[in-house]
């Protein structure tokens, strides 16, 4: 099984320069969450002790190749006592494919409030529902997808698998519980990178729900265009985290998804937003 602690930590190759590892992939394209997480790790490796990433905004400029390493360059943009900003670019043989701006913050005391984001079911009930759904569909058209679930480094258990993986039209709201299959050390830098990796998984599905298509369908050309994450707390990725998502808008062959990550106790851990390409395809004949 893929070890994320090895995949997400880039090797330093020079001053401000890093190379991201490659590993087992689930297709020929570089997974956007992998590029995002490696870039965030590269910027974090050179950061001062006590300052952690609190937000990162990225654009996926070109499709990357999963088999090729991504070369990363980190450029300081601002340097303050509490905040620092870094620009990260990722390149492969065809040039720059990815760009990010990440902000780092030293923790401070201040006022607190958080929205009440409540998953409809807990992880144990979600797991039971998912197991029943998977068994019922194990010999149907979704069998291959179900078999591949076990290969993922992140265990993803939807609140309602029949809706999320089905082809019927539905409201643009969904969610899932997720946790690492292979635990990582409790390092706040690595845990942020792992959550960044996982936050790009299945996000587009929510925006496609009202239109009766799913990623990978011949009826849609889809890809992540940009991705943003705000870290409110350090995620405990070895335990269950709920990703509650909705899509407030889609038009002009694009769709917007947003999500909130909460832990078992309901604490708000992160907020994520993404715009995706979701271009309808005309079937021949």
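The values are calculated or read from the model by the stated rules, or taken from the named source; none is laboratory data. Everything numeric in this text was worked out from a predicted model, so none of it was measured. Please note: Cβ atoms are built from the backbone with ideal geometry, for glycine as well, and neighbour counts cover all protein chains shown.
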Identify all residues within region 16-46 that are under 24 Å from residue 204 (Cβ atoms) and part of a helix (DSSP H, G or I); write none if there are none. 32, 33, 34, 35, 36, 37, 38, 39, 40, 41
Which one is farthest from residue 76 (Cα to Cα) among residues in region 25-37 that are touching a helix residue (DSSP H, G or I) at 6+ places or on another chain (Cβ under 9 Å) and touching a residue at least 60 places away in the same chain (Cβ under 8 Å)? 26
Quick test of your reading of the structure: residue 129 fulfils all but one of (1) at pLDDT below 95; (2) not assigned by TED's automatic domain parsing to the domain that holds residue 33. Name the failing condition by number. (1)
Determine whether residue 208 is assigned to a helix (DSSP H, G or I), over 13 Å from residue 269 (Cα atoms), at pLDDT 95 or above and over 15 Å from the mean Cα position of the chain (by Cα). yes
Do any residues in region 119-143 that are in a loop (DSSP other than H, G, I, E, B) have Cβ atoms under 9 Å from those of residues that are exposed (fewer than 12 other Cβ atoms within 10 Å of the Cβ), where the two are at least six apart or on different chains, and which pairs are they? 138/147
Out of the residues in region 144-183 that are assigned to a helix (DSSP H, G or I) and at pLDDT 90 or above, state the one that is surrounded by the most Cβ atoms within 10 Å (Cβ to Cβ). 161
Scan region 244-268 residue by residue and report those that are within 11 Å of residue 174 (Cα to Cα) and in contact with a helix residue (DSSP H, G or I) (Cβ under 8 Å, 6 or more places away or on another chain). 245, 246, 247, 257, 259
